[in-house]
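Step one of this worksheet: look at the structure below.
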Amino acid sequence: MVRLLTPADYRTMPWKNGGGRTTEIAAYPSGAGLDAFLWRVSLADVGCDGPFSSFPGIERTIVLLEGAGMRLHEGGRATELTTPFAPHAFSGDAAIDCTLVAGPVRDFNAMFRRSRAHGSVAVVREGEMEFGPAQFRLAYAAAGVHECTGVTSAPIRLEAGHALLVIGDGASDTPSLTIRPLGANPVALVVGVDCS
């Protein structure tokens, strides 16, 4: 199955801890609650300092999209997230407090249930990249326009803020997906997931 997702398809909801709002791009199973998904991809708007939601049993990857960035405090250690489009992986079990560097930020989140799903986030910035088969593949146009080939007979144009979701048919994994940036300074984030 190949599905082009636009912002009209996304779901907006409160954070798990109620401290902000998140925009869910896609989750599996579709429509699963925060305690039931095997994987989930979303956008978060962070407007003030505060704790991250706790997601026991979840592996997380966060990517700064907009804003000056934030510092993640875990115990006595602080991690700077100030470079746009640089994935940072961490455990959803960790107690993390966030401090904004200079005003609000928007970030991209990929979550994978540790016992059932293994996933990764890759960044496409310059030149086309090919991604091998995976049970699930989601490409999100974080900036600019991209062309996606390999999963349908004709290329698919991916506008900024849109996503392409490719799900295997159960008999085989998804085919390889090629992402080709178009225009100036495009960035795509590509999530691959395999579930057990």
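The values are calculated or read from the model by the stated rules, or taken from the named source; none is laboratory data. Owing to the predicted nature of the structure, the values given are computational and were not obtained by experimental measurement. Note: ideal-geometry Cβ built from the backbone for every residue, glycine included; neighbour counts use all protein chains shown.
A few points about this structure:
- Asp93 over 15 Å from Val191 (Cα atoms), of a type in the set (Asp, Glu) and modelled with pLDDT under 95: yes
- Residue-level check: of (1) closer than 19 Å to Gly119 by Cβ; (2) touching a residue at least 12 places away in the same chain (Cβ under 8 Å); (3) of a type outside the set (A, V, I, L, M), Ser30 misses just (2).
- Number of positions in the stretch 150-177 that are in a strand (DSSP E or B) and either surrounded by fewer than 16 Cβ atoms within 10 Å (Cβ to Cβ) or in contact with a Phe, Trp or Tyr (Cβ under 6 Å, 6 or more places away or on another chain) (or both): 4
- None of Thr6, Thr23, Thr12 is in contact (Cβ under 8 Å) with a residue 40 or more places away in the chain, touching an Asp or Glu at 6+ places or on another chain (Cβ under 9 Å) and among the polar types (S, T, N, Q) except Thr6.
- All of (1) surrounded by fewer than 16 Cβ atoms within 10 Å (Cβ to Cβ); (2) touching a Phe, Trp or Tyr at 6+ places or on another chain (Cβ under 9 Å); (3) within 17 Å of Leu5 (Cβ to Cβ) hold for Glu147 with one exception: (2).
- Yes/no for Ala117 being buried (at least 19 other Cβ atoms within 10 Å of the Cβ), within 16 Å of the chain's Cα centre (by Cα) and among the small types (Gly, Ala, Ser): yes
- Criterion applied to Leu64, Leu138 was being of a type outside the set (S, T, N, Q), under 30 Å from Ser196 (Cβ atoms) and at pLDDT 95 or above, and the one residue passing it is Leu138.
- Considering the conditions (1) closer than 14 Å to Arg106 by Cα; (2) under 13 Å from the mean Cα position of the chain (by Cα), Arg60 is excluded by exactly one of them, (1).
- Per-region count, the stretch 63-78, residues over 15 Å from the mean Cα position of the chain (by Cα) and either of a type in the set (Gly, Ala, Ser) or surrounded by 13 or more Cβ atoms within 10 Å (Cβ to Cβ) (or both): 11
- The set of residues in the stretch 1-46 that are among the acidic types (Asp, Glu), over 14 Å from Phe108 (Cα atoms) and at pLDDT 95 or above contains only Asp9.
- Verdict on Gly33 being outside any strand (DSSP E or B), small (Gly, Ala, Ser) and surrounded by 14 or more Cβ atoms within 10 Å (Cβ to Cβ): no
- Considered as a group, the residues in the stretch 17-30 that are hydroxyl-bearing (Ser, Thr, Tyr) and surrounded by 14 or more Cβ atoms within 10 Å (Cβ to Cβ) include one that is farthest from Gln135 (Cα to Cα), and that residue is Thr22.
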